[in-house]
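The values are calculated or read from the model by the stated rules, or taken from the named source; none is laboratory data. Nothing here was measured: the structure is a model prediction, and the numbers come from that model. Cβ placement follows ideal geometry from the backbone for every residue including glycine, while neighbour counts extend to all protein chains displayed.
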Amino acid sequence: MPFILHRFANIVSWVISPVVVAPAVYAAIVMLGYGNDVKSISYLMVLFSASTLAPVLLISGLKKTGKISDYNITFREQRFLPLLVLVAVNALGYEFMKQLHPPRLLTGILLFNAVNTVLILLITLQWKISIHLFTFSSSIALLFMQFGVVALWLLFLVPLLMWSRIILKAHNFMQTLIGGVVGFTVMVVELQWWTAL
């Protein structure tokens, strides 16, 4: 495979990675949706801590101590511990967010991040689902719930991310496809139920 293609795939994989996509989406939801709320920065800080700060510190620490072989956690067997910790991080974030009495969508984000991480963890025990695709498609689902069908244009980036993960030999086609489909579908169903309560 030409070096340029591999390099491009690597850039796509990092740009559309969970630690980049999640905070960008949360910033859009909070600042565009609830920017006039005096607690909007507090909402964003809780979301950022759970979605970016904690995972970055966790993965960096695990890499430094040799618990994982690379920052993408390529080997399925190495994913259990970080996923388990992230369940706890999102559950804790949910409890912090509740104390701020935010719009219901924002508590739902953290609650279902915890729930969906449990789902990913259970799948990972037997099969290597794409966390990149799961996170990206569920993030599009969040934007769809907040801003409507205009957000669905981002689905055109899903095949590009699938291609990059396959080119990098991180996943096969079905692992990326299932990650994308399940991530979007589960998040839409969860948040429709949560916001209707």
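A few comments on the model shown:
- With a requirement of 2 or more residues that are of a type in the set (Phe, Trp, Tyr) and crowded, with 20+ Cβ neighbours inside 10 Å, the helices (runs of 4 or more DSSP H) lying completely within the stretch 92-172 that satisfy it span 131-147.
- A count restricted to the stretch 75-91 and to residues that are under 13 Å from residue 62 (Cα atoms) and not in a helix (DSSP H, G or I) stands at 1.
- Residues located in the stretch 67-82, provided they are surrounded by fewer than 18 Cβ atoms within 10 Å (Cβ to Cβ), under 15 Å from residue 122 (Cα atoms) and either charged (D, E, K, R) or in contact (Cβ under 8 Å) with a residue 40 or more places away in the chain (or both): 76, 77, 80
- Here the helices (runs of 4 or more DSSP H) wholly within the stretch 1-57 that include at least 2 residues being within 18 Å of residue 144 (Cβ to Cβ) are 18-34.
- Selection of first residues in the stretch 4-25 that are closer than 20 Å to residue 58 by Cβ and of second residues that are modelled with pLDDT under 90 and among the aliphatic types (A, V, I, L, M), restricted to Cβ pairs under 6 Å at least 6 apart or on distinct chains, gives the following pairs, ordered by first then second residue: 19/56.
- Residues in the stretch 170-186 that are under 19 Å from residue 159 (Cβ atoms) and either hydrophobic (A, V, I, L, M, F, W, C) or in contact with a strand residue (DSSP E or B) (Cβ under 8 Å, 6 or more places away or on another chain) (or both): 170, 173, 174, 177, 178, 181, 182, 184.
- Restricting the stretch 26-54 to residues that are free of Cβ contacts under 8 Å to residues at least 60 places away in the same chain and within 15 Å of the chain's Cα centre (by Cα), the residue that is farthest from residue 95 (Cα to Cα) is 27.
The rows are residues; the columns are (1) under 26 Å from residue 110 (Cα atoms); (2) in contact (Cβ under 8 Å) with a residue 12 or more places away in the chain.
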residue: 157; (1), (2): yes, yes
residue: 160; (1), (2): no, yes
residue: 163; (1), (2): no, yes
residue: 168; (1), (2): no, yes
residue: 171; (1), (2): no, yes
residue: 180; (1), (2): yes, yes
residue: 186; (1), (2): yes, yes
residue: 190; (1), (2): yes, yes
residue: 193; (1), (2): yes, no
